[in-house]
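Undergrad: Below is a structure I'd like to ask you about.
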Amino acid sequence: MESIVMALIGGMMIGLASSLMLIFNGRVTGISGIANGFLSFVSGERLWRGAFLLGLIGGGALVAVNQPQLFQVTDRSLTVTILAGLFVGFGTVMGSGCTSGHGVCGISRLSIRSLVATAVFMSVGILIATLFRNFIGV
C-alpha cells in the first residue's frame, strides 16, 4: 500500500511541475527537448535548461545517496546499455519528443499527436522488451 501512495504522490508532483513549467515559462516539460536545446546552444535559454537538467541529475543523486535500495544495478553489458541509449535517443528524434513531453505534457493538453505518439512508444517498448526477454535472453 505504501508504494501505491508514493507512486500517487510522485505522479502528482510530476503533474504539478509540468503544469507550473507551462504556466510560468510557456514550455512543455519534455526532457529530450530541454536537453537538445541545451546541447544545441539555444540562445538565451541555456541557463534555465542547464538548471533543469542539473536538478534532474542532482535529485537522482540525492535519492541514490539517501535511499540506495531504490536503485538496481543492471547486469547488462556496457555495449547493450549504450545501444539502448542510442535507440532511445534516435526514437525521441524520430517521434519529435519523448515520453515526458508527449505522455505527460501532451496528453494532459489533449493533444491527439501526443496521444498517438505515446501509444506507439508504449506499444513498441512493450513489444521489444518482450521479444528481447523471451527470444534473445537479454
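Computed from the coordinates by the stated procedures, all read-outs in this text should not be read as laboratory data. From a predicted model like this one, the values you see are computed outputs, not experimental measurements. Cβ coordinates were reconstructed from backbone atoms using ideal geometry, including for glycine residues, and neighbour counts include every protein chain displayed.
Undergrad: Any idea which of Thr81, Ser96, Leu53 is furthest toward the positive side of the dipole for the stretch 2-136, if Lys and Arg beta-carbons carry +1 and Asp and Glu beta-carbons -1?
TA: So the residue we want is Ser96.
Undergrad: Here's another thing I want to ask about it. With just the Cα atoms defining each centre, how far is the stretch 27-47 from the stretch 81-124? Give it in Å.
TA: Using only Cα atoms, the two centres lie 17 Å from each other.
Undergrad: May I pose another question? By how many nm would the segment from Leu78 to Leu115 lengthen if fully extended, with 0.36 nm per residue of separation less the alpha-carbon distance?
TA: 10.0 nm
Undergrad: Let me ask something else. For P(r) over Cα pairs in 10 Å bins from 0, in percent, the choices are [x] 12, 46, 38, 4; [y] 12, 37, 27, 14, 8, 2; [z] 10, 31, 40, 18, 1; which was calculated from the structure?
TA: Correct label, based on the coordinates given: [z].
Undergrad: A follow-up question, please. Which value in deg cm²/dmol, rounded to the nearest 500, describes the helix-derived mean residue ellipticity at 222 nm for the chain, given -39,500 (n - 2.57) per DSSP H run of n ≥ 4 and division by the residue count? Can you show the working numbers first?
TA: Working: 5 runs with 91 residues, N = 138.
Taking each H run of at least 4 residues, the total per residue is -22500 deg cm²/dmol.
Undergrad: Scanning the chain for helices, which whole DSSP H stretches are 15 Å or more long along the axis (Cα) and average -1.0 or more by Kyte-Doolittle? Working shown, then result.
TA: Numbers: long enough: 2-25 (34 Å, 1.70); 46-66 (29 Å, 1.18); 78-94 (24 Å, 2.03); 112-131 (28 Å, 1.98).
Length and hydropathy pass: 2-25, 46-66, 78-94, 112-131.
Undergrad: For the chain, set up a Gaussian network in which alpha carbons nearer than 10 Å are linked by springs, and say which option among Leu83, Leu53, Leu20 fluctuates the most.
TA: Leu83
Undergrad: Apply the a/c threshold of 1.5 to the C-alpha gyration tensor of the stretch 1-44 and tell me whether it is rounded, prolate or oblate.
TA: Details: a/c = 5.52, a/b = 2.24, b/c = 2.46.
Verdict is oblate for the stretch 1-44.
Undergrad: A further question on this structure: Select from the stretch 43-108 those chymotrypsin sites (Phe, Trp or Tyr not before Pro) which occupy a DSSP coil region and have at most 12 other Cβ atoms within 10 Å, ordered by residue number.
TA: Values: sites: Trp48, Phe52, Phe71, Phe87, Phe90; in loops: Phe71.
Here the chymotrypsin sites (Phe, Trp or Tyr not before Pro) that fit, given the DSSP loop and packing criteria, are Phe71.
Undergrad: If we count other beta carbons within 10 Å of each Cβ, what is the order of Met6, Met21, fewest first?
TA: Working: Met6 11, Met21 18.
Ascending Cβ contact count within 10 Å gives the list Met6, Met21.
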